[in-house]
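J.: Have a look at the structure that comes next, please.
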Amino acid sequence: MQNEGPSSDHAKSAKRKRLAPKDNKTNESDSMVPEGLLPSYLAEAFADLYGEDGLLVLGKGLGWLSLLAVFVRFYGDVKEGHVAASASGKKGDHAITNTSKPPLVVVLGLRDNEPKALVSVLESWGTPPQLMPKMITNETGLNTDRAVMYKQGGVFCVTSRILIVDLLNGTADAKDIDGLLVAHAERVVEESTEAFILRIFHSQKLAASSIVEKGEKSTDDNANATTGFVKAFTDAPDSLMSGFARVDKTLKALRVRQLYLYPRFQDAIRQELEAAPPHVDELHQELSPSMIGIQNAIAAAIQGCIRELKGSTNLLEWTNDDLSVENCVTTNFDQAIQRQLQNDWHRLKPQTKQIVQDLRTLRTLFQMLIQYDCVNFYKTLTAIRNMSAGSRNPSMWLLMPAADMLFRKAKERIFKVIEGKPTAKVPKPVAKLKPILEETPKWKLLKQVLGEIQQEEEARKKKRPENSNNLQQGPANVLVMVKDEKAVEAVRAYLVDGKSRRMMLLWLRYLEHVNDRSRSIADTKDMSAISEESRLLLEEEGRVRRMLFGRHGPSKKKAKQGATKDGKRKKQLNEVPDYVRKRRRIATEKSRGELTGGADDLERRAILDEAVERTEHEMGESANPSKDDDDENDDGVNDKYDDDNIMFSVSVPEELRIVVKSHASVDGDEATILLNDLRPSYVVLYDAEVAFIRALEIYSSLSSASREDPMRIFFLIFEASAEEKTFTKALEKEQNAFERLIHHKKTMPPPALQTLESQEMQQASAQGMVGGSYMNGALPLAFDTRQGKGKAKTNELRDIAVDVREFRSSLPSILHQGGMRIAPVTLTVGDFVLSSVHCVERKGISDLFGSFASGRLHDQVQAMCKYYKCPCLLIEFDGKKSFCLQNSNEMGVEIKMDSICSKMVLLTRKFPKLRILWSRSPHHTLDIFKELKSNHEEVNVEKAMEAGRSESLEAFCEEAGEDDEVNEIARTMLMRLPGVNVAIARKIIENCDSLAELGAMSRDELRKVAGPVAGQKLFTFFRQNIAAT
């Protein structure tokens, strides 16, 4: 594709004007980016990518989002940006005459929080509001509203699913789009939605170019429509080198030829970042003896699992390097094994599958050991053991001797039970409980570092002249960076409460948790029924509570009684908390469309996730004590903190200003904004993160001229631990990926981009129209470059109505690539409508299991059978995995409720009209759809949209006119009553004015209005005692 920009020399000139280096005397008002906010190597990257389209690969943390923001600012500014540069740099027929309208540029591929980060970067540069990118979400009005916004031009941040639907239904015209900015280009593959968008964009531009070349139209609008650009960004070089020819496939899907590489070890980047380096103190903290013992026990458990895995399967080619403990710690070892075993996953024994999950659990425990305190780490271990005991396939590593060592060492970090020596006077001495409450070694090291900073600042203050007007005369800012928000809470509580009180509060929360069962037994006055350790823990709880809150503080029993009197329901033993139920529902929804697996695989994954969720929830409660505890705390230690504020000041203004921030809250280049706003003199890296370390280097280089002393960084890391190995492995992985990319760039051929038109496109161009797809001929079909195929079949049926929710998958892209014409609509019945006869409900393997479990599939098949003669259930497999739904060894002659094949039999017996379509891959689905459409008429999209709409909940809620007031709460409550569906709800509304009138009806009246079955259910529901169980 030809690039639309001016020449490379002109692009570099424009770059130097707007991205002026630090020593340039350019007026700041004439520059889009204020001076000293961006490194000079980004200016060079801007010139390269603006001069010719391509894929730009930056090292992690080197500012890819800032570079994207420069392009957004450049294309959005009509007076000084791309339009002005094009008008002055182009001559002749391609000159831009209308400079009042900004070009239409779309930003794709941004993740959840990155649009907000992009806006923050632009705001920090002082970008005017009218030049900010417009955010398009599912809440941005109707299609007509978005069409008006597209016509106005500008830069838009759009999700891929919304843009592809807008392109297919005509809301957005690809000919009007001047270019695309693609973020996270490593995710663009031929079947992805981004590749689908690029294919339409490229084909529309190519079709418009052919029209202009033939001289049929020569207006300026069409001249501008013949050009378009694609500029892609990524900071994941390792992802580009995973798989066979991944770089070439990505370039082909992006339809660009150039590959620009900017690693950290490049001379220009290295010289700039090392010109004014910060002063770094690397502090290695040794693990405590008990932590070393725990780490050795986890390593022994991993080695035991690896031996079991070797003996249980011979389907993999094993090497010693693959099975090393270091690999298991530093990489997603379990996922790599599962990917290799996926083709034969159904042939593996449940014990082998459980071992793979055990490796994931043990790898996670390595990280928890250095991130959690001793109390929460042991609580996580206990939760994993309890949940595994209740599952159908218990974890094998819990039966190993290493597991006993692990649990014993973890418990000894919290407390020890000391048995007394029997004597003649005391033959049976009473055991004593000794709290250990081992402090996390990094907490102690952090406190020492902050003390050293305090002493250094006091010494500097004494040396400073009294009449000095230095801006750094005030208290210094200290930035402490931790991994996530849980670590923020833990560090904040430690700095505020101190070691003793913090550990005592954790100890109390643990005692309250483990003593629930012992307390219920003790209430019956039968103390002999509990063990000696449980009795000691129960006594310890009262002692710790008195130490924290005094003798007059409320006991646990009185607190529970008070809560009951206030009307709150008393929590039952073994009751599942609300947050756990919510997590299970979310996990169920996320499991749809994932890797092939059954209920057992989902259960194995849920054990560790739920254990971690419980621990983190309790960590949050311990870091934010309850209101009752705050009232009883006379010393004011447990102050109230704002949960929405993620920056915590933990000192008075006259002293050091300490800010605790998490790496998880600093997305993209927000780290640079944080450093520029806070301007810290000291940075303490409690947890290491490669991207943030690079941001510190950039900030130190850009701010060296405005500070007297270099910024000081304290790098805290555990010595000979999983943390150190993970950090060094990440650096090595990125460097190796860039070295392979450099070598590949030297030898790779240029991507074979599409330059020819298909016969159908040539015929459409000869007729004076662009392409031939569903939306009034506005969208072309996919190109096919293969020669010698003969004339295209003009009588082939190609129209398919596709539900817009299916654009999350790759199937619509493959259908379009195979020549189908896609109509994106909202379907109430089915996912794909092929004709007036065929309606298809598509299910992936995980979605199939989930739909059977929830009963959703029964309702979907029932609706298809009602409106279509040939309802079809498409079971689509992944082409890279085994084409097998259930192992033949697990199938029997009897119907089993836990067997997926048995459920399929019951479904087909109830719905004889249902047809099952078995597809090996999405490409096989394309062939199936073509065969089904061959002997039937084209689909009527309007009828497909209306099918089932009268019985849908959305239509029911939208039935009121514009002037009518709808009681949405009453209608929602009506739909939740037992036995009530949309059809019955309409009858009830016609005969009743309120829910009170409905509840007062007799049995016969309810049966007459709602039907015999639903009427009986409603009568029983309205007259059932609330306290009945």
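J.: Taking segment 892-935 as the region of interest, how many residues are touching a residue at least 60 places away in the same chain (Cβ under 8 Å), open to solvent by 20 Å² or more (accessible area, probe 1.4 Å), within 22 Å of residue 850 (Cα to Cα) and of a type in the set (A, V, I, L, M, F, W, C)?
T.: Number satisfying all stated conditions: 1.
Conditions tested, residue by residue: (1) more than 18 Å from residue 194 (Cβ to Cβ); (2) in contact with an Asp or Glu (Cβ under 8 Å, 6 or more places away or on another chain).
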residue	(1), (2)
126	yes, no
150	yes, yes
161	no, no
173	yes, no
176	yes, no
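J.: Go through (1) at pLDDT below 90; (2) out of contact with any strand residue (DSSP E or B) (no Cβ under 6 Å at 6 or more places or on another chain) one by one and return the number of the condition residue 484 breaks.
T.: The one condition residue 484 does not meet is (2).
J.: Where residues in segment 315-328 are open to solvent by 10 Å² or more (accessible area, probe 1.4 Å) and in a helix (DSSP H, G or I), which of them is modelled with the lowest pLDDT?
T.: Looking at the filtered set, the residue picked out is 325.
J.: Something else about it: Are there any pairs, at least 6 apart or on different chains, whose C-beta atoms fall under 7 Å, with the first in segment 253-282 and touching a residue at least 60 places away in the same chain (Cβ under 8 Å) and open to solvent by 40 Å² or more (accessible area, probe 1.4 Å) and the second charged (D, E, K, R) and assigned to a loop (DSSP other than H, G, I, E, B), and if so, which?
T.: Listed by first residue and then by second, the contacts come to 258/52; 258/53.
J.: So, in segment 677-692, how many residues would count as being closer than 21 Å to residue 453 by Cα and open to solvent by 40 Å² or more (accessible area, probe 1.4 Å)?
T.: 2
J.: Residues that are touching a Cys at 6+ places or on another chain (Cβ under 6 Å) and either farther than 30 Å from residue 712 by Cα or at pLDDT 90 or above (or both), at least 3 per element: which helices (runs of 4 or more DSSP H) completely within segment 237-311 meet that?
T.: none
J.: Residues in segment 995-1029 that are crowded, with 16+ Cβ neighbours inside 10 Å, assigned to a loop (DSSP other than H, G, I, E, B) and within 46 Å of the chain's Cα centre (by Cα): how many?
T.: The number of residues fulfilling the criteria is 0.
J.: As an exercise: evaluate residue 668 against (1) of a type outside the set (D, E, K, R); (2) touching an Asp or Glu at 6+ places or on another chain (Cβ under 7 Å); (3) open to solvent by less than 10 Å² (accessible area, probe 1.4 Å); (4) in a loop (DSSP other than H, G, I, E, B) and give the number of the one condition it does not meet.
T.: If we test residue 668 against (1) of a type outside the set (D, E, K, R); (2) touching an Asp or Glu at 6+ places or on another chain (Cβ under 7 Å); (3) open to solvent by less than 10 Å² (accessible area, probe 1.4 Å); (4) in a loop (DSSP other than H, G, I, E, B), just (3) comes out false.
J.: Let me ask another. Checking residue 805 against (1) under 25 Å from the mean Cα position of the chain (by Cα); (2) under 21 Å from residue 942 (Cβ atoms); (3) open to solvent by less than 30 Å² (accessible area, probe 1.4 Å), which test does it fail?
T.: (3)
J.: Scan segment 704-719 for residues that are charged (D, E, K, R) and either in contact with a Lys or Arg (Cβ under 9 Å, 6 or more places away or on another chain) or surrounded by 15 or more Cβ atoms within 10 Å (Cβ to Cβ) (or both) and report the count.
T.: 3
J.: Across segment 937-982, which residue is modelled with the lowest pLDDT among those that are hydrophobic (A, V, I, L, M, F, W, C), open to solvent by 40 Å² or more (accessible area, probe 1.4 Å) and farther than 30 Å from residue 800 by Cβ?
T.: Here the answer is 966.
J.: Residue by residue through segment 369-410, note down the ones that are open to solvent by less than 10 Å² (accessible area, probe 1.4 Å) and of a type outside the set (S, T, N, Q).
T.: 369, 373, 374, 375, 377, 381, 384, 397, 403, 406, 410
J.: Pick from 723, 734: which is farther than 17 Å from residue 369 by Cβ and either part of a helix (DSSP H, G or I) or aromatic (Phe, Trp, Tyr) (or both)?
T.: Criteria check complete, one pass: 734.
J.: Just to be sure I understand the filter: pairs with C-beta atoms under 8 Å, separated by 6 or more residues or on different chains, first member in segment 66-93 and among the charged types (D, E, K, R), second member part of a helix (DSSP H, G or I) and at pLDDT 85 or above. Which pairs pass?
T.: Within 8 Å, the pairs are 73/122; 73/131; 77/131.
J.: Any idea which residue in segment 453-480 is modelled with the lowest pLDDT, counting only those that are within 39 Å of the chain's Cα centre (by Cα) and not hydrophobic (A, V, I, L, M, F, W, C)?
T.: That would be 475.
J.: Counting only residues that are among the charged types (D, E, K, R) and open to solvent by 10 Å² or more (accessible area, probe 1.4 Å), give me the helices (runs of 4 or more DSSP H) lying completely in segment 810-888 with at least 3 of them.
T.: 856-867
The values are calculated or read from the model by the stated rules, or taken from the named source; none is laboratory data. The model shown is predicted, which means the values in this text are computed figures rather than measured ones. Note that we place each Cβ from the backbone using ideal geometry, even for glycine, and neighbour counts take in every protein chain shown. Protein only, heavy atoms only, side chains kept; ligands, DNA and RNA dropped before computing areas. Shrake-Rupley method; radii C 1.70, N 1.55, O 1.52, S 1.80 Å.
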